[in-house]
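Asks: Okay, handing you the structure first.
The values are calculated or read from the model by the stated rules, or taken from the named source; none is laboratory data. Please read all numbers here as calculations on a predicted model, not as lab measurements. We place every Cβ from the backbone using ideal geometry, glycine too, and count neighbours over all the protein chains shown.
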Amino acid sequence: MTRITSRQHAPSGRHQPVAAGKQDIEAEIKPFTGNYRSALDTIVRFANTLRSDPLVAEVSIVALPLNVSPTTALSGSTSETVDRPTAAPFRLHLVLKEQA
């Protein structure tokens, strides 16, 4: 992963210490070669690593670089020439524990 962005910032633009509560993280895997299976595995491993942190209460993967929902219709053609994406963006939602 080359970029991780948190939605919680201090007014000056500098990051502030993360407080207990909810936190959204936007990140991307880059360089991305088009191997979605590998990207999904990397995202799941990253989420599991976060889950093992004692300060993290919950981690949810809320957006993947590829919509794998069985309710989503597929479209396109195998003969189309399409530019491959150079990054695989994803989003996680964290719930952090209260610190004593």
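Asks: What pairs can you find where one residue is in the stretch 37-58 and farther than 14 Å from ALA88 by Cβ, the other is in a helix (DSSP H, G or I), and their Cβ atoms are less than 7 Å apart, with a gap of 6+ or different chains?
Replies: VAL56/LEU50
Asks: Take the residues in the stretch 45-93 that are part of a loop (DSSP other than H, G, I, E, B), among the hydrophobic types (A, V, I, L, M, F, W, C) and within 21 Å of GLU28 (Cα to Cα), then tell me which one is modelled with the lowest pLDDT.
Replies: VAL68
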